Structure formats: structure tokens, C-alpha cells
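Undergrad: Quick one: structure below, then a few questions.
The values are calculated or read from the model by the stated rules, or taken from the named source; none is laboratory data. Model, not experiment: these values are computed from the prediction. Ideal geometry is used to build each Cβ from the backbone, glycine not excepted, and the neighbour counts take in all protein chains shown. We work out accessible area using only protein heavy atoms, side chains counted, and drop any ligands, DNA or RNA first. Shrake-Rupley method; radii C 1.70, N 1.55, O 1.52, S 1.80 Å.
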Amino acid sequence: MDIRVLRYFLAVAREGTISGAAAALHVTQPTLSRQLMELEEELGARLFIRGRRHISLTEEGLFLRKRAQEIVALLERTEAAFTATGEEISGDVYIGGGETEGMRFIARAIREVRQEYPHIAFHLFSGNAEEVREHLDRGSVDFGLFIEPADLSAYDFIPLSARDTWGVLMRKDHPLAAQEAIDADDLAGLPLIMSRQGLVENEFSGWMDGKFRQLSRVATYNLLYNAALLVEEGVGCALCLEGIVRTGDDSPLCFRPLRPRMEVGLKLAWKKQQCFTRAAEIFLNRLKRQGENITL
């Protein structure tokens, strides 16, 4: 499978027409059509649904688009690493992570690296633990920031000094907003919006002494921003980490920690025996040097 043909395929998927993709690629329409038909023949699958004015992807085409994007991105990153020459250090560092106030630790390290190496660029991907792990395994990110609990037995990692606190995000006019903290009995009668990650459920099950499944779950989320909108509209209260959603004076929301407190650590992970670019190596060494010297 030729990388050039994969780029042709992605252009057609992006433009939605042969003519638009041909213009963007500076090739003729017959050449592009022939390459796509040969790709379908090579894979033994129909990739496009060809309409009168628009081309859409089949299920197989959607699968190939995802894989092709990863392949092309990895190739471009590899080429960039080899073309960065001379004494001036440059390059790109890719970091995936869940929503956490602990990203400030990463942000401060990025700031310090860029002060010394202004030609190093950083690219962030936000997702839940499963999504970050998938990107890490496929090489589309160099590092993954994970919130405990997380199974990192297949990776190397360093613990960060920051810790996150679990609690409840609610409207400021909610009856429980008058309390300083929320205990298990308070949760029992609440309509809750909860993380869909299985390991989080296990943690809460232990905190609630096995009564987790008795909670009233009205919605789930993988990232908190949209869940916060549900809280604002009165759908329920969200079990979440502190600091992700702002709850200042101009916000209708507030956060109350759990009682007893439920805190979790953060770890930055990478694939074992990872071959880093110079830019990624500089970033990792900066984090290792900082170690426990930086707190949030």
C-alpha cells in the first residue's frame, strides 16, 4: 500500500468529491479515480459510496480513514525528526491526557522547555484513559498523562507530585451546596452524572463500601465539559475531579469534595523501550529533573 495513495484517499474523504480532491492534490481526475479503484481492488473492499454530487465513505472506508490518518501522521513525524538538522534543536512533542488540573504540571514543563528551545512545538490530545492508551500504543502520542487508577504495567512512567480530588459538581442553588463536603449517604438520593470508565467505578465501589451500584445514574460522560452543561440545566450532579470546570463567582456551579476525601495520583507514561526524538527526550528529562520539586 503506497503512502501516496493513502494521501489521495484521505484527500477524497476530506473533500467529498473527486474534483475537489484532484484540485487540492494537483493531479488529474482520471488519475485520482484510477488510483482509488486500484486501492479498492488491492484491499478487496468497497471504500466509497459514489453519489451524483458527493462521495461518502463506507464502513470499511471509515476504518481505513482512521488507520490512514495514523500512518500518515507517524510518517510525517518520522520525516520531521530526520530533517531537523544543525545545532538548533527543533521538533514536535505529542502528549495525550485526561481532563485534570494536573495538566498544569505539564504546562509548566512545556513553558520551561520552550524558553530554552523555542523551536520545539507541543501538541495536546484530550481523551479518557482508553483513548489516550490507544494513541500511545499506536505511536500517535509520545506521552500519556493518566489519572489513577490506571493499569500501566505495559509502560514506563513517572509519578507527578500533583494529586486530584474527587467530589460532586452541582448547582449553587442545590440543597447540598450549603455543605462543606459530601458523604456516601448524601449521594444515595442524588441523580448522578458519572464517568463511564470501569476502573473509576471500582474505586467508588470501595469508597462506598460496595454500595456503588445502588446509586442513581442518569447519565455518563468521558470528558466533563458537556457533563457540566447537564448539571447547569438541572439534569443531575456530576461525580468528577476538582478544578476541571471553573466554579468562580460568575459560574452557576460549585464543587464539594467527598468525605472522607478521595484523592488520586497522576502518572506520565510512555511505551517501554521507546525511541524518542530529541525534542521528546528533552521534555522527558525536564520532567524527571523537576520530579517532586514542582507542586500545584
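Undergrad: Has the stretch 143-151 got at least one residue that is within 30 Å of GLY91 (Cα to Cα) and without any contact (Cβ under 8 Å) to a residue 12 or more places away in the chain?
TA: no
Undergrad: May I pose another question? Quick one: which residue in SER153, SER205, SER161 is polar (S, T, N, Q), more than 21 Å from ILE244 (Cβ to Cβ) and in contact with a helix residue (DSSP H, G or I) (Cβ under 8 Å, 6 or more places away or on another chain)?
TA: SER205
Undergrad: Just the residues that are open to solvent by less than 60 Å² (accessible area, probe 1.4 Å) and either modelled with pLDDT of 90 or more or not small (Gly, Ala, Ser) (or both), please, taken from the stretch 135-147. Can you show your working first?
TA: Taking the stretch 135-147 and keeping what is open to solvent by less than 60 Å² (accessible area, probe 1.4 Å), we get 135-136, 139-147.
Across the stretch 135-147, the qualifying residues are HIS135, LEU136, VAL141, ASP142, PHE143, GLY144, LEU145, PHE146, ILE147.
Undergrad: Then there is this: Within the stretch 118-199, which strands (runs of 3 or more DSSP E) (wholly inside it) include 3 or more residues that are β-branched (Val, Ile, Thr)?
TA: Because the criterion is at least 3 residues that are β-branched (Val, Ile, Thr), the strands (runs of 3 or more DSSP E) in the stretch 118-199 that meet it are 155-171.
Undergrad: Still on this structure: Does the stretch 154-199 hold any residues that are of a type in the set (Asp, Glu) and farther than 30 Å from PHE143 by Cβ, and which are they?
TA: ASP173, GLU180, ASP183, ASP185, ASP186
Undergrad: Now a separate question. Residues that are in contact (Cβ under 8 Å) with a residue 40 or more places away in the chain and crowded, with 20+ Cβ neighbours inside 10 Å, at least 1 per element: which strands (runs of 3 or more DSSP E) completely within the stretch 209-296 meet that?
TA: Because the criterion is at least 1 residues that are in contact (Cβ under 8 Å) with a residue 40 or more places away in the chain and crowded, with 20+ Cβ neighbours inside 10 Å, the strands (runs of 3 or more DSSP E) in the stretch 209-296 that meet it are 237-241, 253-257, 263-271.
Undergrad: Which condition from (1) of a type in the set (D, E, K, R); (2) closer than 25 Å to ARG133 by Cα; (3) touching a Lys or Arg at 6+ places or on another chain (Cβ under 9 Å) is the one that GLU242 breaks?
TA: So GLU242 meets the others, but not (3).
Undergrad: Additional query: Is one or more of the residues making up the stretch 50-73 of a type in the set (Gly, Ala, Ser), closer than 30 Å to CYS240 by Cβ and surrounded by 16 or more Cβ atoms within 10 Å (Cβ to Cβ)?
TA: Scanning the stretch 50-73, I find no residue that is of a type in the set (Gly, Ala, Ser), closer than 30 Å to CYS240 by Cβ and surrounded by 16 or more Cβ atoms within 10 Å (Cβ to Cβ), so the answer is no.
Undergrad: Let me ask something else. Report, by residue number, each residue of the stretch 24-42 that is open to solvent by 70 Å² or more (accessible area, probe 1.4 Å) and part of a helix (DSSP H, G or I).
TA: Passing the criteria: GLN29, PRO30, ARG34, MET37, GLU38, GLU41, GLU42.
Undergrad: Open to solvent by 30 Å² or more (accessible area, probe 1.4 Å), of a type in the set (A, V, I, L, M) and over 19 Å from ASN128 (Cα atoms): which single residue out of ALA178, ALA154 fits that description? Quick ask: steps written out before the conclusion?
TA: On the way: ALA154 fails: over 19 Å from ASN128 (Cα atoms).
After ruling out the rest, the residue left standing is ALA178.
Undergrad: Which ones in the stretch 101-127 are under 22 Å from GLY265 (Cα atoms), touching a residue at least 40 places away in the same chain (Cβ under 8 Å) and open to solvent by 20 Å² or more (accessible area, probe 1.4 Å)? Working first, answer last.
TA: Initial filter on the stretch 101-127 (under 22 Å from GLY265 (Cα atoms)): 101-110, 124-127.
Subset that is touching a residue at least 40 places away in the same chain (Cβ under 8 Å): 101-106, 108-110, 126-127.
Residues satisfying the conditions are GLU101, MET103, ARG104, ARG108, ILE110, SER126.
Undergrad: When you look at ARG163, is it of a type in the set (D, E, K, R) and under 15 Å from ARG256 (Cβ atoms), yes or no?
TA: So ARG163 does not fit the description; no.
Undergrad: Can you pull out the residues in the stretch 6-23 that are in contact (Cβ under 8 Å) with a residue 12 or more places away in the chain, within 25 Å of the chain's Cα centre (by Cα) and open to solvent by 10 Å² or more (accessible area, probe 1.4 Å)?
TA: ARG7, LEU10, ALA13
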